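The values are calculated or read from the model by the stated rules, or taken from the named source; none is laboratory data. For clarity, every value in this text was computed on a predicted model and none was experimentally measured. Note that we place each Cβ from the backbone using ideal geometry, even for glycine, and neighbour counts take in every protein chain shown. Remember, those area values only see protein heavy atoms, side chains included, never the ligands or the DNA or RNA. Shrake-Rupley method; radii C 1.70, N 1.55, O 1.52, S 1.80 Å.
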Amino acid sequence: MTSKLRRPQLFAYTADGRRTLASYPQYVGGVCKKPTNLYSMEVGVAASYNGALRSTGERSPGKGLHVNFTEKGEVKERREKFLTAKYGSHQMSLIRKRLAVEMWLYDELQKLFDSTDKTTPEVEVDIDELLDMDDDNQRRRHLQKILCDAKKSPLDVKKFVDDLLERTKTL
């Protein structure tokens, strides 16, 4: 006498017609407990599905369908979402150029003020402020006023100012 083993049903339908994973009774100590369904599954068409039909009148399989598994009784933690901007290649080249000038400016200011000791004053050169000035003479006077306390020679300060004015013209 041979008996066939029947594979248990994987999916079941709820009263409202939704398809869920089948639940099975649990046997604890020989006593049958109420069936528990830890997971529910929702199958549906994504909102972006445009309803295009095949020539046979069926929906194309796999396009626009999604499956969501949710655990009952457990609150999911929400992931933080960040908005990132995608810049065009021209805008990115301008950003890189500006960043290169600012990094050069920072390094040169470190050299001019010999910032190895802690007593150096904090000097801030605003590139936007320089670009808003009318002419190079005004920019040069402004920079020399800011850099009057530099520890390097006035010749080094003049060379730095000339280089900075040349680099700001590329921005």
### Query
Which whole-Hz ³J(HN,Hα) couplings does the range 159-171 yield from phi under the Karplus relation 6.51 cos²θ - 1.76 cosθ + 1.60, θ = phi - 60°, glycine and proline marked x?
4, 4, 4, 4, 5, 5, 5, 5, 6, 6, 5, 7, 7
### Query
Can you give the accessible area of residue 95, probe radius 1.4 Å, in Å² rounded to 10?
70
### Message
How far apart, in nanometres, would the label points at residue 100 and residue 142 be if each is projected 7 angstrom from Cα along the Cα-to-Cβ direction?
### Response
2.4
### Query
What accessible area, in Å² to the nearest ten, does a 1.4 Å probe give for residue 112?
10
### Query
What ranking, highest mean first, results for peptides 136-144, 96-104 when packing means the other Cβ atoms within 10 Å averaged over each residue?
136-144, 96-104
## Note on the structure
Of the listed pairs 86/145; 145/169; 97/145, those with alpha carbons more than 30 Å apart are 86/145
